[in-house]
Amino acid sequence: METQQFLSSVLSQRGPSALPYSEDTKWLIRQHLVSLTSAYPSLEPKTATFTHNDGRSVNLLQAEGTVPVSFQSVTYNIPIIVWLMESYPRHAPCVYVNPTRDMIIKRPHPHVNPSGLVSIPYLQNWIYPSSNLVDLARNLSLHFGRDPPLYSQRRPNPNPSPNFNPYTPTHAPTAAYTRPAIPPPRSYPASPYGAAAATAAAVQTEDPSEVFKRNAVNKLVEAVHGEVVSMRKAREAEMEGMFNAQAVLRHREDQLRKAVKEMHDEKEGLEQQLQMVLMNADILEAWLRENEAKVRSFGESDVDVDDAFECMDALSKQMMDCTAADLAIEDVVYALDKAAQEGAVPFDQYLRNVRLLSREQFFHRATASKVRAAQMQSQVANMAARISHYGGEPDALPRVRA
């Protein structure tokens, strides 16, 4: 029950502390480990840090303990570690033998390299989703029973016979597994000391001083590796902070660029408005200069209504005539309506007059519409000429519909 609670807890974590397994396979991973601990109680699931060849460190699940091996009718316990890699269970796990201080790896061995990495046909032919950890442990027991990968150092024997027992009698069939005080570097698929250790392949036992030296070197390597990992984590934290600061600065840069663009657009709009104000002021001043004398003369004598307004060009005069005729016809039609209502005008004569007046009013309104379009085009041309005079761009003028 504790194992199931532990697995449910670590596999349900989210965020930076989450294990790097696919969400759709976490339930299957839990089932595999629960079945493994049920079949082999000595294998305990836990989490630990695994370091890849490229230096990446990742928190993974592992099963550490022993598997029973029957060799020459005697049962022994072989210490192993089963790492569940990031792609598990779609790909096979990574298995190492984990010798204690008084054990060494048999060299050469058909299924275990000098660093302890295990390679058996079941791992090489791993098939998802039928392959599982229980069958893997059974295959390990079968292969290790045929050729044990570990030997004891307590009985040096420079010339071992083919029937050499892999353990001294102290390793009884139910001997308890003692975990090493100094864990060997199981983070790397290949041992960095494999080349040096190959020189001792001819012997099955080693001198205690050599074993002590190798353990000391391994401990030193582990210490250096731990320092490197801690330094790498510190540098990664610093880089993350710098990346965050860079993102904030880029966001502010975008805001400043947007504000500068808005201010530039506003400046251009104000310049256009200033040009229009200057142009209108120039027009008003010119009109005042032209009509100042007329204003003085109007103050000295009676003003004729027809002379109060003077058209500045032929289009304006034509527009005024059309507008006056249109309004006059409106008045006549209104008077005819009143006369028809009072019975002063026969109804047939009223209809005939209204039809003639409406026809004439239509022609006056059509003429006024054409004159208005011509005036708008002329006004746009004049405004463009004035803006170019004031140093503006003619394209800045708003388009006027005819």
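Being assigned to a strand (DSSP E or B), open to solvent by 30 Å² or more (accessible area, probe 1.4 Å), more than 18 Å from Ser38 (Cβ to Cβ) and not small (Gly, Ala, Ser) is the filter here; which residues of the stretch 50-76 pass it? Passing the criteria: Asn59, Val74, Thr75.
Scanning the stretch 90-99 for residues that are out of contact with any helix residue (DSSP H, G or I) (no Cβ under 8 Å at 6 or more places or on another chain) and either open to solvent by 10 Å² or more (accessible area, probe 1.4 Å) or of a type outside the set (A, V, I, L, M) (or both) turns up His91, Cys94, Tyr96, Asn98, Pro99. Scanning the stretch 27-49 for residues that are of a type in the set (S, T, N, Q) and part of a helix (DSSP H, G or I), we see that the one that is least open to solvent (accessible area, probe 1.4 Å) is Thr37. Applying a threshold of 9 Å to beta carbon distances and a minimum spacing of six or more residues, or different chains, the list of pairs starting in the stretch 265-281 at a residue that is within 17 Å of Val380 (Cα to Cα) and open to solvent by 80 Å² or more (accessible area, probe 1.4 Å) and ending at one that is among the β-branched types (Val, Ile, Thr) and assigned to a helix (DSSP H, G or I) reads Gln272/Ile387. Would you call Ser87 surrounded by 18 or more Cβ atoms within 10 Å (Cβ to Cβ) and in a loop (DSSP other than H, G, I, E, B)? No; evaluated as a whole, the condition is false for this residue.
Inside the stretch 1-25, residues that are of a type in the set (Gly, Ala, Ser), part of a helix (DSSP H, G or I) and free of Cβ contacts under 8 Å to residues at least 12 places away in the same chain make up a count of 2. The combined condition, being exposed (fewer than 11 other Cβ atoms within 10 Å of the Cβ) and at pLDDT 50 or above, is fulfilled by Arg257.
The values are calculated or read from the model by the stated rules, or taken from the named source; none is laboratory data. The model shown is predicted, which means the values in this text are computed figures rather than measured ones. Note that we place each Cβ from the backbone using ideal geometry, even for glycine, and neighbour counts take in every protein chain shown. The area values use the complete protein model at the heavy-atom level, side chains included, leaving out ligands, DNA and RNA. Shrake-Rupley method; radii C 1.70, N 1.55, O 1.52, S 1.80 Å.
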